[in-house]
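Chemist: Before we start, here is the structure in question, set down as C-alpha cells.
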Amino acid sequence: MFDDVRRLRVMGAGVRGARIVERVLPAPLDVVWGVMGDLEGGFGEFQPDMRSVRVLRRDGDRVEALARSRYGLRARLHGVLRPGWCWLQSRFLVIGMAAADEGGSTRVALTGGVRIPGRAALVPFGARRELERAMARLAERVTRPGSGGTGGPPPG
C-alpha cells in the first residue's frame, strides 16, 4: 500500500511540468501536518507566494477554499484535505502536499504551480525554486523552539 508521499509522487508523475520536492524533517508527523494542513493559518506561513487562504466549505475531506497570492491573484480551489494528504486545484493553480511518519521524523513532499487551463500540465518555470523555498520555510517553522518540533536546525 502506498503512503501519502508515494501517492503524491504518482499524482505528480501524471502532471506534465510538475516538480516534486521531498525532504525528511526532524519533527513528528502531528507537528508537521499541524502546520501544513492548517490552510487558514500555518499554510500561509510557509508558502512563499500565499497571502491568505480561506476555507469556504468543508464536507468530510472535501474542501473548497479561496486563495489569494501576494501578487494579487485569486484562485477558488477544490480538492481533498485529510491528515497527511492535500490535493487542491483550480482552473489556474495546483497545490499538492503529503506527509508520512518516518519513525519520529516526517517525510514531506510538495508539488504545485500554475496550471495550464484544460490540460494536465503545469508551467515549470520557477516551480522547483518556489517549492524549495516553501520546504525550507516549513522546516524552519516546525523545528524552531516552541513549535512542538525538535528545536534543532533543519537537515542540510
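Chemist: Stretch ARG144-GLU45 to full length: gain in nm at 0.36 nm per residue minus the Cα-Cα span?
Modeler: Going from the current span to full extension adds 34.3 nm.
Chemist: Same structure again: If you stretched the chain out fully between ASP38 and PHE2, how much longer would it get, using 0.36 nm times the residue separation minus the C-alpha to C-alpha distance?
Modeler: Gain on extension, ASP38 to PHE2, equals 10.6 nm.
Chemist: Evaluate the relative contact order of the chain (contact order divided by residue number), counting alpha-carbon pairs under 8 angstrom at least 6 apart; express in whole percent. Each step should come with its number before you reach the end.
Modeler: Values: 339 pairs, mean separation 44.7, N = 156.
In percent, rounded to a whole number, it is 29.
Chemist: How far is helix 127-143 tilted off the main Cα axis of the chain, in degrees rounded to 10, range 0 to 90?
Modeler: Rounded to the nearest ten degrees, it is 30.
Chemist: Percent of accessible area on the chain owned by carbon and sulfur, 1.4 Å probe?
Modeler: Whole-percent figure for carbon plus sulfur exposure: 52.
Chemist: What whole number of Å gives the distance from the Cα centroid of segment 36-81 to the Cα centroid of segment 1-19?
Modeler: Distance between centres, Cα-based: 20 Å.
Chemist: Considering only LEU77, VAL108, MET36, whose Cα is most displaced toward the positive end of the charge dipole of the chain, charges sitting on Cβ of Lys, Arg (+1) and Asp, Glu (-1)?
Modeler: It is LEU77, whose Cα lies furthest towards the positive end.
Chemist: I'd like the FRET efficiency for ILE116 and LEU56, computed as 1/(1 + (r/R0)^6) with the beta carbon distance as r and R0 of 35 Å, rounded to 0.05.
Modeler: 0.90
Chemist: In degrees, nearest 10, range 0 to 90: what is the angle between the Cα axis of helix 4-13 and the longest Cα principal axis of the chain?
Modeler: 30
Chemist: Using a 7 Å offset from the Cα along the Cα-to-Cβ direction at both SER69 and VAL24, what is the distance between the two label points in nm, to one decimal?
Modeler: Placing both labels 7 Å along Cα→Cβ, they lie 3.4 nm apart.
Chemist: To the nearest 20 Debye, how big is the dipole of the chain about its Cα centre, given +1 on the beta carbon of each Lys and Arg and -1 on that of each Asp and Glu?
Modeler: The calculation lands at about 780 debye.
Chemist: Which label belongs to the value computed from this structure, given these candidates for Rg/Rh (Cα atoms, Kirkwood Rh): (1) 1.50; (2) 0.94; (3) 1.15?
Modeler: Derived directly from the coordinates: (2).
Chemist: Hey, rough spin-label estimate for ARG16 and ARG133, points 7 angstrom out along Cα→Cβ, what's it come to in nanometres?
Modeler: 2.7
The values are calculated or read from the model by the stated rules, or taken from the named source; none is laboratory data. Values in this document were obtained by computation on a predicted structure and should not be read as measured data. Glycine gets a Cβ as well: all are built from the backbone with ideal geometry, and neighbour counts include every protein chain shown. Surface accessibility is based on the protein's heavy atoms, side chains included, excluding ligands, DNA and RNA. Shrake-Rupley method; radii C 1.70, N 1.55, O 1.52, S 1.80 Å.
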